[in-house]
Amino acid sequence: MNSIYLCGFMGCGKSHIGRMLARMTGRTLVDLDAVIVEREGMSIPDIFAQYGEPHFRELEAKYIRELSDGYIVATGGGALINDSTAEFARKSGLSVYINTSFQNCYMRIKNDKNRPLVVNNTKEQLEELYNKRSEIYKRNSMCMVNGNARDIIICTEIIKLAKYFEEHGTI
């Protein structure tokens, strides 16, 4: 059984949908950001402050390669913007872009002090980043679901997609 990698912008619902998918499928949810914090012994803001965003992206690439054994993986918002990481996810499982509107994402993240990109950017800068990344998520994912739909609909759609890809030998 291959992993399901959930990607999308900060606040799109990767962790929340991942928890629901884990309950519905009996798989284990792995939150990539939590793995990084645990293994590095530092918070994400501290990693950004001490080593910079490029180092954090390297950590995402490193740890995602350990998560290909049937997990539901809630990736960080920037994990699958790295082409080689996205290629790994496609080869070792199903990568799903949760396409949630910027307005919904922003409402969820605007006061989150644990997100360096939110703390250090204006709403307009975040929207620009959202627009840039959305094209990359589309390109680097195997499929896309409507993140503005009800949670149960999103989860049901992802389960259907996973079954389809498994039946057709794609994952």
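Of all the listed residues (Gly169, Gly147), the sole one being of a type in the set (Gly, Ala, Ser) and farther than 21 Å from Asp69 by Cα is Gly147.
Among the residues making up region 145-163, those that are within 14 Å of the chain's Cα centre (by Cα) and outside any helix (DSSP H, G or I) are Val145, Gly147.
Of all the residues in region 56-74, those that are in contact (Cβ under 8 Å) with a residue 60 or more places away in the chain and either at positive phi or acidic (Asp, Glu) (or both) number 2. Of the residues making up region 130-171, those that are of a type in the set (A, V, I, L, M) and touching a residue at least 60 places away in the same chain (Cβ under 8 Å) are Ile152, Ile154, Ile158, Ile159, Leu161, Ala162, Ile171. When the residues of region 106-133 are filtered to those that are β-branched (Val, Ile, Thr) and surrounded by fewer than 16 Cβ atoms within 10 Å (Cβ to Cβ), the one that is nearest to Gly11 (Cα to Cα) is Val119.
Every condition in (1) outside any loop (DSSP other than H, G, I, E, B); (2) under 14 Å from the mean Cα position of the chain (by Cα) holds for Gly77 except the one numbered (1).
Read-outs throughout are calculated quantities, based only on the coordinates presented, and are distinct from any laboratory measurement. All figures in this text were calculated on a predicted structure; none of them were measured in a lab. Every residue, glycine as well, gets a Cβ built from its backbone with ideal geometry; the counts of neighbours run over all protein chains shown.
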